[in-house]
Amino acid sequence: MDDLYREVIIEHYKNPTYRGVLDPHDISFEDENPLCGDQIRIDLRVNDAGVVTEAAFSGHGCAISQASADLLLESIVNKPLEEVKKISKQDLLDLLGLENLGPVRLKCALLSLKVLKAGIYGLGETDDLLVEEEE
(Lines give C-alpha, C1' and ligand atoms only; values in the text may rest on other atoms or scores of the structure.)
Protein backbone atom coordinates (compact mmCIF):
# COMPACT_ATOMS: atom_id res chain seq x y z
CA MET A 1 0.00 0.00 0.00
CA ASP A 2 2.86 2.42 0.72
CA ASP A 3 4.01 2.05 -2.87
CA LEU A 4 0.65 3.34 -4.15
CA TYR A 5 1.03 6.73 -2.52
CA ARG A 6 4.66 7.53 -2.99
CA GLU A 7 5.80 11.09 -2.41
CA VAL A 8 5.88 12.01 -6.09
CA ILE A 9 2.26 10.94 -6.52
CA ILE A 10 1.09 12.87 -3.49
CA GLU A 11 3.04 15.97 -4.58
CA HIS A 12 1.57 15.96 -8.11
CA TYR A 13 -1.90 15.26 -6.71
CA LYS A 14 -1.80 18.10 -4.19
CA ASN A 15 0.14 20.61 -6.34
CA PRO A 16 -0.49 19.82 -10.01
CA THR A 17 1.40 22.02 -12.44
CA TYR A 18 -0.84 21.31 -15.42
CA ARG A 19 -4.32 21.50 -13.85
CA GLY A 20 -6.61 23.80 -15.79
CA VAL A 21 -8.43 24.24 -19.07
CA LEU A 22 -7.04 25.60 -22.33
CA ASP A 23 -9.52 27.66 -24.28
CA PRO A 24 -8.98 27.79 -27.16
CA HIS A 25 -7.33 24.42 -27.65
CA ASP A 26 -6.31 22.37 -30.68
CA ILE A 27 -7.00 18.97 -29.14
CA SER A 28 -9.38 18.13 -26.32
CA PHE A 29 -10.83 14.88 -25.05
CA GLU A 30 -12.34 13.59 -21.84
CA ASP A 31 -13.37 10.25 -20.43
CA GLU A 32 -13.91 8.49 -17.16
CA ASN A 33 -13.03 5.23 -15.50
CA PRO A 34 -16.39 3.52 -14.94
CA LEU A 35 -14.90 1.26 -12.26
CA CYS A 36 -14.20 4.09 -9.85
CA GLY A 37 -15.65 7.29 -11.33
CA ASP A 38 -12.33 9.05 -11.99
CA GLN A 39 -12.73 11.60 -14.79
CA ILE A 40 -10.06 13.39 -16.83
CA ARG A 41 -10.17 15.97 -19.61
CA ILE A 42 -6.98 16.87 -21.46
CA ASP A 43 -6.55 19.99 -23.61
CA LEU A 44 -3.53 20.59 -25.85
CA ARG A 45 -2.24 23.44 -27.95
CA VAL A 46 -0.10 22.33 -30.86
CA ASN A 47 1.95 24.56 -33.14
CA ASP A 48 2.19 24.35 -36.94
CA ALA A 49 5.18 22.01 -36.65
CA GLY A 50 3.06 19.50 -34.68
CA VAL A 51 4.73 20.20 -31.33
CA VAL A 52 2.74 20.34 -28.11
CA THR A 53 3.23 23.88 -26.81
CA GLU A 54 0.77 23.85 -23.89
CA ALA A 55 -1.18 21.20 -22.03
CA ALA A 56 -3.76 21.15 -19.27
CA PHE A 57 -5.99 18.62 -17.53
CA SER A 58 -9.13 18.89 -15.46
CA GLY A 59 -11.34 16.41 -13.72
CA HIS A 60 -11.52 14.54 -10.47
CA GLY A 61 -10.44 11.25 -9.03
CA CYS A 62 -7.95 9.42 -6.90
CA ALA A 63 -4.37 10.51 -6.30
CA ILE A 64 -3.04 8.05 -8.88
CA SER A 65 -5.27 9.18 -11.75
CA GLN A 66 -4.73 12.89 -11.10
CA ALA A 67 -0.95 12.61 -10.51
CA SER A 68 -0.70 10.45 -13.62
CA ALA A 69 -2.32 13.17 -15.72
CA ASP A 70 -0.01 15.85 -14.33
CA LEU A 71 3.15 13.80 -14.83
CA LEU A 72 2.09 12.74 -18.32
CA LEU A 73 1.46 16.31 -19.44
CA GLU A 74 4.74 17.44 -17.91
CA SER A 75 6.49 14.84 -20.07
CA ILE A 76 4.87 15.86 -23.38
CA VAL A 77 5.15 19.65 -23.46
CA ASN A 78 7.58 20.70 -26.20
CA LYS A 79 7.48 17.26 -27.83
CA PRO A 80 6.18 16.48 -31.32
CA LEU A 81 2.86 14.67 -31.52
CA GLU A 82 4.55 11.81 -33.35
CA GLU A 83 6.75 11.25 -30.29
CA VAL A 84 3.79 11.62 -27.91
CA LYS A 85 1.89 8.92 -29.84
CA LYS A 86 4.67 6.46 -28.95
CA ILE A 87 4.33 6.84 -25.17
CA SER A 88 3.59 3.40 -23.78
CA LYS A 89 1.84 2.09 -20.72
CA GLN A 90 5.24 1.22 -19.28
CA ASP A 91 6.57 4.73 -19.94
CA LEU A 92 3.76 6.19 -17.85
CA LEU A 93 4.15 3.63 -15.06
CA ASP A 94 7.87 4.45 -14.98
CA LEU A 95 7.04 8.17 -14.61
CA LEU A 96 4.81 7.29 -11.66
CA GLY A 97 7.40 4.94 -10.19
CA LEU A 98 4.79 2.22 -9.85
CA GLU A 99 4.79 -1.45 -10.65
CA ASN A 100 2.65 -4.44 -9.74
CA LEU A 101 -0.58 -2.48 -9.60
CA GLY A 102 -3.84 -4.38 -9.38
CA PRO A 103 -6.24 -4.11 -12.32
CA VAL A 104 -8.39 -1.34 -10.82
CA ARG A 105 -5.42 0.86 -9.85
CA LEU A 106 -3.82 0.20 -13.23
CA LYS A 107 -6.92 1.60 -14.97
CA CYS A 108 -6.65 4.68 -12.73
CA ALA A 109 -3.01 5.17 -13.68
CA LEU A 110 -3.63 4.72 -17.40
CA LEU A 111 -6.77 6.85 -17.78
CA SER A 112 -4.81 9.97 -18.72
CA LEU A 113 -2.82 8.12 -21.40
CA LYS A 114 -6.02 6.72 -22.92
CA VAL A 115 -7.58 10.19 -22.97
CA LEU A 116 -4.44 11.75 -24.46
CA LYS A 117 -4.16 9.20 -27.25
CA ALA A 118 -7.89 9.28 -28.07
CA GLY A 119 -7.62 13.05 -28.43
CA ILE A 120 -4.50 12.94 -30.58
CA TYR A 121 -5.92 10.27 -32.86
CA GLY A 122 -9.27 12.09 -33.04
CA LEU A 123 -11.27 9.14 -31.79
CA GLY A 124 -14.84 9.41 -30.58
CA GLU A 125 -14.12 7.25 -27.55
CA THR A 126 -11.25 5.68 -25.67
CA ASP A 127 -10.28 2.06 -25.91
CA ASP A 128 -7.99 -0.04 -23.71
CA LEU A 129 -6.08 -0.97 -26.87
CA LEU A 130 -4.69 2.59 -26.94
CA VAL A 131 -2.48 1.79 -23.95
CA GLU A 132 -1.73 -1.90 -24.45
CA GLU A 133 1.81 -2.90 -25.21
CA GLU A 134 2.52 -3.72 -28.83
CA GLU A 135 3.33 -7.35 -29.28
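The values are calculated or read from the model by the stated rules, or taken from the named source; none is laboratory data. Just so it is clear, the structure is predicted and the values come from calculations on it, not from any experiment. Virtual Cβ from ideal backbone geometry, glycine too; neighbours counted across all protein chains shown.
A few notes on this one:
- Looking across I42, I76, I87, one residue alone is in contact (Cβ under 8 Å) with a residue 60 or more places away in the chain, under 22 Å from D26 (Cβ atoms) and crowded, with 18+ Cβ neighbours inside 10 Å. It is I42.
- Residue tally, condition over 20 Å from G97 (Cβ atoms) and surrounded by 19 or more Cβ atoms within 10 Å (Cβ to Cβ), over segment 23-39: 4
- Flag for I87 being in contact with a Cys (Cβ under 9 Å, 6 or more places away or on another chain), under 18 Å from Y18 (Cβ atoms) and either modelled with pLDDT of 90 or more or not in a loop (DSSP other than H, G, I, E, B) (or both): no
- R19 being basic (K, R), over 12 Å from the mean Cα position of the chain (by Cα) and either surrounded by fewer than 19 Cβ atoms within 10 Å (Cβ to Cβ) or over 18 Å from Y121 (Cα atoms) (or both): no
- Residue in segment 119-135 that is more than 21 Å from V8 (Cα to Cα), outside any loop (DSSP other than H, G, I, E, B) and at pLDDT 90 or above present: yes
- For segment 16-39, a tally of residues being polar (S, T, N, Q), in contact with an Asp or Glu (Cβ under 9 Å, 6 or more places away or on another chain) and in a loop (DSSP other than H, G, I, E, B) returns 1.
Table: residues versus (1) part of a helix (DSSP H, G or I); (2) modelled with pLDDT of 95 or more.
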| residue | (1), (2) |
| --- | --- |
| R41 | no, yes |
| R45 | no, yes |
| A56 | no, yes |
| Q66 | yes, yes |
| D70 | yes, yes |
| L92 | yes, no |
